[in-house]
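Rule-based calculations on the coordinates, nothing more; no lab input. A quick note: this is a predicted structure, and the numbers were derived from the prediction, not measured. All Cβ positions, even for glycine, are placed from backbone atoms using ideal geometry, and neighbour counts span all protein chains on display.
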Amino acid sequence: MHQIAKELNEKLTGSVIPELLSDLGKRFYFPKGIISQSAEAKEKAKRLTATVGMATEGNEPLYLKSIYRDFSGMTPSEVFPYAPTGGEKALREVWKKEMVRKNPDMEGKQTSLPLVCAGLTHGISITADLFLDKGDTILVPDMFWGNYRLIFEERRESTLKSFPFYTPEKDGMNIKAIDDALEALQGGKAALILNFPNNPSGYSPTKDEAEQIVHVLKRHAEAGTKILVITDDAYFGLFFEEDTYPQSLFALLADAHEHILAVKVDGATKEELVWGFRIGFITYGGKDVTPEQYEAMEKKTMGAIRSSISNASKPAQSLLLKGLTSSTYLEEKQYAFDLLEKRYVKVKEILAAHSEDKNLVPLPFNSGYFMTFATRGDAEQLRIYLLDAYQVGTIAIQHDYLRIAFSSVDVDRLEELYEILYRAAGELWN
Ligand SMILES: Cc1ncc(COP(=O)(O)O)c(C=O)c1O
C-alpha cells in the first residue's frame, strides 16, 4: 500500500470509516504528482510556469475562436482550463451553503465540503469503489434505479439485496422491512442506499417515516452494527405534499450515531435542470468525524476521481456557479417547481377519477418526476402495445410495473396521456 494511503488510513482511525472502507478505498490516496506540484508552482513560481499539460498564450489558455464564440459572458479562463480534481472551490462552497439552506436540519452539523464529480452516476460509482468489496452486500428497497445493478453488481461484484419498499397494504413505506433487512445481515457491517424522491415510485418518506427510518438505523448502530448509508438525492426538492419530509435524510443521518457514516450523493443534473452538464457532488457526514478525518476522506475521494475522470467539466462548473449565485436564481427555481407541481396535481386528479380501474393501480407517490402503476397484466406487453398502437412511450419495470415520467409531459397533454394508458390496458386485459 502506498505510504500516503497508509497515512490517510491512520488519520481515519478512531472513526467508523476504516471499518466501512473497501480494499480499494483503503488503498486510495491523492498523489503528490503533477496536480499538487502544479498547485505549489501556482503559489511560488512567479516568473514562469511550465507545469500542467495545457497550452497557453500570454496569461490565457490557448483556444479556438470557433469554440469560444458561443460562450457569451464567460472569460476563456472560465471555459477552457482543467478544473481542480475535487472541483472548483467556490462552487463547492456555494453548493454546501445551498445544501444547508435547503436542509435546515443540517444547521450546525459538521460535514465534509462537497467534492465535484461527473454527475450522480459517477458519484455513486466512486462511493461504491470506496466502500464495497467483491461479495459485500448492499441493501436497497425493491423500487430502485436500475443502474444500481451495473454499478454495484457488475462493476463492484457486490450483491444488491432488496427489501419491500412499501407496506403490504401499500399505504406508505415499509420501515419494518429496513429493520428486518439489517437484522438479517451478519458481520456487524451494513451498507444501504436510499433514494428519495424515489425513482421509479415517486415516493418520499413522510416526516414521521423519516424519523422512524433514522430511529431504526440508530438502534442497529447502537447495537454495534457499523452502517454506511448512501443517500441518492437526484430528485431532491420536488416534494409536493405537506406531510412529506422536505429534506434529505442525510440531514438527519449526518450526526445520528458514531457508527453511522452518511454519504450524500446529489447533483445539479435534475435539481438545477442541467442534465447534460454532468456535475454531481459527494459529501460525507458522521457523528464525531473530525475535520482532519473529513479531509482524509476528501483526499481518498479525489484519488477515486483522479483515477476515473481526472476532473469534472470546467465550463459546466463555471456556468453552474454563475447560475447558483445569480439574483434571479431562486425565482427561476420556483417557476420550475410550480410547473412540475401543477403536473403532479393534475395527475392526482386524473387518477382519482379512475380509482375503480383494476388494470392500472397507482402506487403511493408524493414527489419527484415519476409515478408508477402496478399492472394487472404484463407491463412489458402494455409498454409495447402503447408504442405500437398509440405511439406513447412509457417504461416497463420487470413485468409488474409501468413508470410514467409526468415531469416530461405538459400539463395540457396529461389527460390525453392517461386516457390512452387506461384505454390500452383495458384493450389488453378487460
Ligand atoms: C435515482 C437516480 N440516481 C441517479 C441518477 C443519475 O444522475 P446523473 O445523470 O447525474 O448521473 C438518476 C438518473 O436518472 C436517477 O434516477
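What the table below lists for this structure:
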item: DSSP bridge orientation in the chain - percent antiparallel, rounded to nearest 5; result: 55
item: Sequence-distant residues sharing a close amide H with residue 82 (under 5 Å, placed H); result: none
item: Fully extended contour minus Cα-Cα distance, from residue 150 to residue 43, at 0.36 nm per residue; result: 34.3 nm
item: Two-site label geometry, residue 51 and residue 169: point separation in nm, points 7 Å out along Cα→Cβ; result: 6.3
item: Under 5 Å, built H, 5+ apart or other chain: amide partners of residue 165; result: 142, 143
item: Amide H partners (placed H, <5 Å) of residue 159, local residues excluded; result: 135, 136, 137, 138
item: Exposure proxy ranking, count of Cβ atoms within 10 Å, fewest first, for 46, 300; result: 46, 300
item: Cα→Cβ-extended label distance, 7 Å offset, between residue 398 and residue 334, nm; result: 4.3
item: Residue 90-residue 322 pseudo-label distance in nm [points 7 Å out on the Cα-to-Cβ vector]; result: 1.1
item: Angle in degrees between helix 379-390 and the longest Cα principal axis of the chain, rounded to the nearest 10; result: 80
item: With Cα atoms, 0 to 90° folded angle of helix 329-353 axis to the chain main axis; result: 20
item: DSSP-assigned coil residues among GluC sites (Glu not before Pro) in segment 220-312, each with at most 15 further Cβ atoms within 10 Å; result: 241, 242
item: Fully extended contour minus Cα-Cα distance, from residue 429 to residue 342, at 0.36 nm per residue; result: 28.2 nm
item: Shape category assigned to the chain from the gyration tensor of Cα positions, a/c cut at 1.5; result: oblate
item: 20 Å Cα-Cα threshold exceeded, pairs from 102/264; 42/89; 176/270; 89/299; result: 176/270
item: Globularity ratio of segment 159-243, using Cα Rg and 2.2 N^0.38 Å; result: 1.10
item: Estimated FRET transfer efficiency when R0 is 22 angstrom, pair residue 288-residue 101 (beta carbons, to 0.05); result: 0.30
item: For segment 148-182 versus segment 45-75, the gap between their alpha-carbon centres in whole angstrom; result: 48
